[in-house]
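> Provided herewith is a single structure, encoded as structure tokens, for subsequent inquiry.
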Amino acid sequence: MLAEPAYRRSTQPKPQLGPFSTMLEQWLAFDATLPKARRRSAQRLFESLQAEGYHGAYDSVQRHVKTWKTASSGRGTVTQAFVPLSFAAGEVGQFDWSYEHVVLGGVTQTIKLAHFRLAHSRAMFVVAYPRETQEMVLDAHDRAFAFFGGVPQKMVYDNLKTVVDAVFSGKERQFNRRFLALANHYLFEPVACTPASGWEKGQVENQVGNIREWLFTPTPHFADFAELNVWLERRCRELAERMHPNKLCRITEAWAAEQPALRPVTMPFDGYVEQPQRVSSTCLISVDRNRYSVPAAWAGKVISVRISATHVRIVAEGNAIAEHERLFGRDQLVCQPWHYVPILETKPGALRHGQPFIEWQLPLAIERVRTFLLKQPKGDRAFADLLLAARSSGLEALDVACQLASEHGQPHASVVLNELRRLTEPERSPAMAVPAVLILRNEPVADCGRYDSLLGGCHV
């Protein structure tokens with residue numbers, strides 16, 4: 001009895017993917033040279049093949065990618081086992097950082113992305129920053145809790161230096177004092193993971209990879225961080241329209257059902273980091289290799305610098321004396337000209353070469369007066385007197401005064417000062433009404449003739 005011949009294929013035909021397999025493997029080989037965070041997923045490779053004319057299924061691409069990666073690694077895949085987790089509404093939130101690549105203002109930059117996740121509803125929130133400093137962590141929590149509409153009972157973290165000062169045995173941690181102020185303000189319990197155990201906050205760990213694939217591949221372009229964060233918030237709301245893993249509702253519906261279990265936010269936390277500094281003789285303080293001006297009265301004195309994610313505030317004797325928008329470059333100088341105006345009282349010559357005054361964009365009428373006065377003898381002193389007189393009223397009143405003075409001919413300093421005083425002098429109080437009880441019933445009559453009668457009795 002003859003055995004029935006068995007047919008075996010030496011190769012599996014791929015009528016759709018076959019013509020594109022070489023291109024796909026070239027892409028995989030190129031991606032293998034990139035950092036892991038920048039490699040394309042099978043889904044992204046599938047979309048790229050479609051742009052090249054591929055009409056086959058995604059599964060074929062996925063299997064080919066898996067086979068290629070397994071062959072190139074030279075080993076099989078080791079799978080860990082985990083227990084499925086369930087979280088009550090409002091019970092747990094998770095936090096993590098990632099770094100992504102974007103083009104801001106035409107320049108490719110590496111940014112830091114703060115990730116938040118509500119473990120029950122799977123609602124996510126991400127916000128971008130130039131770095132991972134503590135003030136960024138504090139600001140990110142303010143934004144996230146405002147976005148979620150409340151605060152969960154617990155927040156889970158890695159052992160970040162901005163969150164944890166010391167790691168002890170087990171789950172014992174010494175949390176940073178400033179971070180604890182944030183936790184006490186919002187009344188949530190901070191929980192730090194076991195080192196090298198990212199699965200303890202697996203949802204947000206998976207979110208990092210998903211957000212990178214969905215939002216940062218290919219590299220997006222934005223004008224600045226403000227535009228980027230507006231787009232990220234909008235995309236988080238759009239992604240919440242996906243189905244929840246339980247397949248019973250959408251994430252946005254589970255999120256709405258979870259919100260009553262979140263603790264309401266009554267007041268945002270003022271997330272700043274404070275440090276004392278001595279003001280230099282040039283009225284400057286330094287933050288991250290950038291310099292910011294301080295009112296001249298505080299030169300040489302110790303003040304407190306409060307650094308937030310977006311601003312630098314200077315506080316002295318319990319009062320805010322200056323505030324600047326924070327810069328993230330290096331060796332930049334931010335000068336508020338009004339901080340230096342009092343110095344002009346003794347050093348009027350600084351008007352010509354002082355950097356705060358050279359870069360000061362004055363209204364057109366004031367600039368014309370300045371040009372006219374600086375051509376006159378002692379013009380520095382004259383224009384300095386105008387600025388000193390306008391400290392309380394501001395540039396708007398001085399601008400109007402300069403316009404009025406120009407209408408009368410040459411805008412001399414005395415004319416401008418006169419117009420400025422007329423504009424800024426307090427209004428005269430109206431005549432006081434006399435109460436009826438104080439009005440005389442019989443008012444005295446003035447009789448000047450009595451003085452004339454005295455002339456008749458004069459003796460020479």
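The values are calculated or read from the model by the stated rules, or taken from the named source; none is laboratory data. None of these values were measured; they are calculated from a predicted model. With ideal geometry, Cβ positions are generated from the backbone for all residues, glycine too; neighbour counts draw on all protein chains shown.
> Enumerate the pairs (first residue in the range 260-286 and closer than 22 Å to Arg313 by Cβ and free of Cβ contacts under 8 Å to residues at least 40 places away in the same chain; second residue anywhere and surrounded by fewer than 14 Cβ atoms within 10 Å (Cβ to Cβ) and among the aliphatic types (A, V, I, L, M)) with beta-carbon separation below 6 Å, excluding pairs fewer than 6 apart on the same chain, so at least 6 apart or on different chains.
Listed by first residue and then by second, the contacts come to Pro276/Val302; Arg278/Val302.
> I've got another one for you. When only residues in the range 234-251 that are surrounded by 14 or more Cβ atoms within 10 Å (Cβ to Cβ) and in contact (Cβ under 8 Å) with a residue 24 or more places away in the chain count, which is farthest from Asp139 (Cα to Cα)?
If we take residues in the range 234-251 being surrounded by 14 or more Cβ atoms within 10 Å (Cβ to Cβ) and in contact (Cβ under 8 Å) with a residue 24 or more places away in the chain, then His244 is farthest from Asp139 (Cα to Cα).
> Give the residue that is farthest from Trp255 (Cα to Cα), with candidates limited to residues of the range 107-122 that are of a type in the set (S, T, N, Q) and in a strand (DSSP E or B).
In the first step, residues of the range 107-122 are kept if they are of a type in the set (S, T, N, Q); the result is 108-110, 121.
When the remaining residues are screened for being in a strand (DSSP E or B), the result is 108-110.
On the way: Thr108: 35, Gln109: 33, Thr110: 31 Å.
Among them, the one singled out is Thr108.
> How many of the residues in the range 409-460 are of a type in the set (D, E, K, R), under 30 Å from Glu396 (Cα atoms) and not in a helix (DSSP H, G or I)? Outline the logic, then answer.
Going residue by residue through the range 409-460, those that are of a type in the set (D, E, K, R) are 419, 421-422, 425, 427-428, 441, 443, 447, 450, 452.
Going one step further and asking which of them are under 30 Å from Glu396 (Cα atoms), we end up with 419, 421-422, 425, 427-428.
Still in the list and also not in a helix (DSSP H, G or I): 425, 427-428.
Final tally of qualifying residues: 3.
> With the requirement that a residue be over 18 Å from Thr70 (Cβ atoms) and either at pLDDT below 80 or buried (at least 17 other Cβ atoms within 10 Å of the Cβ) (or both), what does the range 6-34 give you?
Ala6, Tyr7, Arg8, Arg9, Ser10, Pro13, Pro15, Gln16, Gly18, Phe20
> List the pairs whose first member sits in the range 100-129 and is at positive phi and at pLDDT below 95, whose second member is assigned to a loop (DSSP other than H, G, I, E, B) and of a type in the set (Gly, Ala, Ser), and whose Cβ atoms are under 7 Å apart, counting only residues at least 6 apart or on separate chains?
Close Cβ pairs satisfying both conditions: Gly105/Ala223.
> Which ones in the range 352-365 are under 34 Å from the mean Cα position of the chain (by Cα), surrounded by 13 or more Cβ atoms within 10 Å (Cβ to Cβ) and assigned to a helix (DSSP H, G or I)? Give the derivation first.
Taking the range 352-365 as the starting set, the residues that turn out to be under 34 Å from the mean Cα position of the chain (by Cα) are 353-364.
Right, trim to surrounded by 13 or more Cβ atoms within 10 Å (Cβ to Cβ) and you get 354-357, 360, 362-363.
Passing the criteria: Gln355, Pro356, Phe357.
> Quick one: would you say Ala166 is in a strand (DSSP E or B) and closer than 16 Å to Cys193 by Cβ?
Values: in a strand (DSSP E or B): yes; closer than 16 Å to Cys193 by Cβ: yes.
Answer is yes for this residue.
> Next up: Considering Arg370, Arg428, which residue is basic (Lys, Arg) and buried (at least 18 other Cβ atoms within 10 Å of the Cβ)?
Details: Arg428 fails: buried (at least 18 other Cβ atoms within 10 Å of the Cβ).
Unique residue meeting the criteria: Arg370.
> If you don't mind, there's one more thing I want to ask. Report the residue count in the range 373-387 for those that are surrounded by fewer than 14 Cβ atoms within 10 Å (Cβ to Cβ) and part of a helix (DSSP H, G or I).
1
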